[in-house]
Amino acid sequence: MFSLVAAHTWLDLETVAQLASGASEVAESLSDNTVSGVVTLSTCNRLELYAEAGDNDVDQAAQDVLEVIASNAGLPDNTVANAFRLYRNDAAVRHLFEVSSGLKSAVIGEREIAGQVRRALSVARESGHATGTLTKLFETASRTAKDIGAQTALGSTGRSIVSVALELATELRAGTSIVGAQRFWQDANILLVGTGAYAGTTLNQLQARGAKNVAVHSSSGRAQQFVDDRGGWAMALGGADVEGAFAEADVLIGVSGGERTLSAAQLAKLRENASHRLTVLDLALTHDFDPAIGDLPAVDLITLESVKMAAPNEQQASIAQAQQLVDAAVDDYLTDKRERSATDAIVTLRGHTMSVLEEEMQRVRDRHGCTAAAEEVQLAMRRMVRQILHEPTVRARQAAAEGNLEEYEAALQTIFGLEVTPNAQHDNKSSYSPAHPEQLDSTNRRSA
């Protein structure tokens, strides 16, 4: 199992958006021989693909995935290869647990990512691309994120990309006065563009701030259903009403991430008779609004990059507590995984041994019939086989606990010509891409 990660910590968000556009059809473009399963996690500031390699090794499977992304996104192969970091096996597990818990987010501890992880698995399952291993991995990561949200102050802050963006807008328009902020959101005309899960989070946060005048628009025509599903307190817009809403808006929020981008010239034309101030929040991974909008008179622009720069630093104690919970959850997951791997090897060895025993007993029955003596021979041989298998069984579990199960399985192959079934094999080695030595340093610090 491996993951390919492109994230805001080393890439600009424009590049992340371009890569995401090329990753949507990866699973459909590759055969089961390349990857037996893929779960794609695409958010406003990261793109991550978790996959099980098929018949090829991890390096070749990862290379094939990158080539598909490059082809679909229309980007050079080397550009895509340099944008991603490769995490293998245990390292991929740890990374997903940290991501789902908000420890890798632009806003540390944000809770939106946990829902995005759950939805990524749901989409993969619906499309038939989630294997049993990937399903267990994502479900366990989601449970860990839930535990961190419940047990640490990191989860109680309630901060998210949306909340930080709205805080920036509040400071721009109302300063630091609590009364002024409440009055601003109560009186502001707000236009929300988009109807996805991200839009739902935004609408909830606007309601929590006391917003009264919120209109929702979607080019797909889903605005009315979106509003109805959330209690109908906002107003759905379509047709010519949208132009008027753009002209009257005090706050314009884009969370659709669609293919259409409102240009500065278009917004200027819509507001040609308006003189009041407009604050634009562009929170989509692919811009809903042209960045040049920020140069228009009386227009403030808040983007994901703005949020990333303004994101508050959480208390180190909360982060340390959350990291301890992640470490414990990862250890439990990997221990369980190794124990299951040991069981596969043990079952293979026992199956082989009992098969040999049954063949020999059939010869006895063929020669002497199903006599009491034959039954006694069979019982004696079964006791002997159990005694013989006791030590190999103990050794298998020890090898799994120490991460040396591959050597045990190799011994089965060498001595008995046995192979553990492909669906049961697990590579327990953990490594990061050598192209990023700083990751190796962090791995060594954790193990020190």
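The values are calculated or read from the model by the stated rules, or taken from the named source; none is laboratory data. Only a predicted model underlies this, so the values are computations on that prediction, with no experimental measurement involved. Using ideal geometry, Cβ is built from the backbone for each residue, glycine included, and neighbour counts are taken over all protein chains shown. When the accessible area is computed, the model is the full protein with side chains, heavy atoms only, and any ligands, DNA or RNA have been set aside. Shrake-Rupley method; radii C 1.70, N 1.55, O 1.52, S 1.80 Å.
Some notes on this structure:
- Pairs with Cβ under 7 Å, 6+ apart, first in segment 366-378 and modelled with pLDDT under 80, second in a helix (DSSP H, G or I) and open to solvent by less than 60 Å² (accessible area, probe 1.4 Å): H368/A374; A374/V364; A374/R365
- Residues (under 15 Å from T144 (Cβ atoms), assigned to a helix (DSSP H, G or I) and open to solvent by 10 Å² or more (accessible area, probe 1.4 Å)) located in segment 96-113: E98
- Residues in segment 393-410 that are free of Cβ contacts under 8 Å to residues at least 60 places away in the same chain and open to solvent by 40 Å² or more (accessible area, probe 1.4 Å): 9 in all.
- Matching residues, segment 250-276, being open to solvent by less than 30 Å² (accessible area, probe 1.4 Å), under 27 Å from Q18 (Cα atoms) and not hydrophobic (A, V, I, L, M, F, W, C): G254
- Test set (1) in a helix (DSSP H, G or I); (2) at pLDDT below 85 - E259 fails condition number: (1)
- Top-ranked residue in segment 72-92 [being part of a helix (DSSP H, G or I) and out of contact with any Ser or Thr (no Cβ under 8 Å at 6 or more places or on another chain); ranked as surrounded by the most Cβ atoms within 10 Å (Cβ to Cβ)]: V80
- Taking every residue in segment 226-251 that is in contact (Cβ under 8 Å) with a residue 60 or more places away in the chain and pairing it with any residue that is in a loop (DSSP other than H, G, I, E, B) and surrounded by 15 or more Cβ atoms within 10 Å (Cβ to Cβ), at least 6 positions away or on another chain, the pairs with Cβ-Cβ distances below 8 Å are D250/A188; V251/A188.
- Condition broken by D288, with the remaining ones in (1) surrounded by 14 or more Cβ atoms within 10 Å (Cβ to Cβ); (2) under 17 Å from L172 (Cβ atoms) satisfied: (2)
- Number of the condition not met by A215 [criteria: (1) surrounded by 14 or more Cβ atoms within 10 Å (Cβ to Cβ); (2) part of a helix (DSSP H, G or I); (3) among the aliphatic types (A, V, I, L, M)]: (2)
- Residue in segment 236-249 that is closer than 22 Å to I293 by Cα, modelled with pLDDT of 90 or more and of a type in the set (D, E, K, R) present: yes
- E339 in contact (Cβ under 8 Å) with a residue 12 or more places away in the chain, in a helix (DSSP H, G or I), at negative phi and open to solvent by 30 Å² or more (accessible area, probe 1.4 Å): yes
- Among residues of segment 51-72 that are over 23 Å from L137 (Cα atoms), those with a Cβ under 9 angstrom from a residue that is open to solvent by less than 30 Å² (accessible area, probe 1.4 Å) and of a type in the set (V, I, T), sequence gap 6+ or separate chain, pair up as E67/V80; V68/V26; I69/V26; I69/V80; A70/V80; N72/V26.
- Here the condition is being modelled with pLDDT of 85 or more, among the aliphatic types (A, V, I, L, M), within 18 Å of H287 (Cα to Cα) and under 17 Å from the mean Cα position of the chain (by Cα); of A73, A51, A20, it holds for A20 alone.
- In segment 15-37, the residues that are open to solvent by less than 10 Å² (accessible area, probe 1.4 Å) and touching a His at 6+ places or on another chain (Cβ under 7 Å): V16, G37
- Unique match (being over 30 Å from F97 (Cβ atoms), at pLDDT 85 or above, among the β-branched types (V, I, T) and open to solvent by less than 40 Å² (accessible area, probe 1.4 Å)) among T279, T303: T279
- Boolean, V5 is closer than 22 Å to L283 by Cβ, in contact (Cβ under 8 Å) with a residue 24 or more places away in the chain and open to solvent by less than 10 Å² (accessible area, probe 1.4 Å): yes
- The set of residues in segment 225-248 being over 20 Å from A268 (Cα atoms) and either among the β-branched types (V, I, T) or in a helix (DSSP H, G or I) (or both) consists of Q225, F226, V227, D228, D229.
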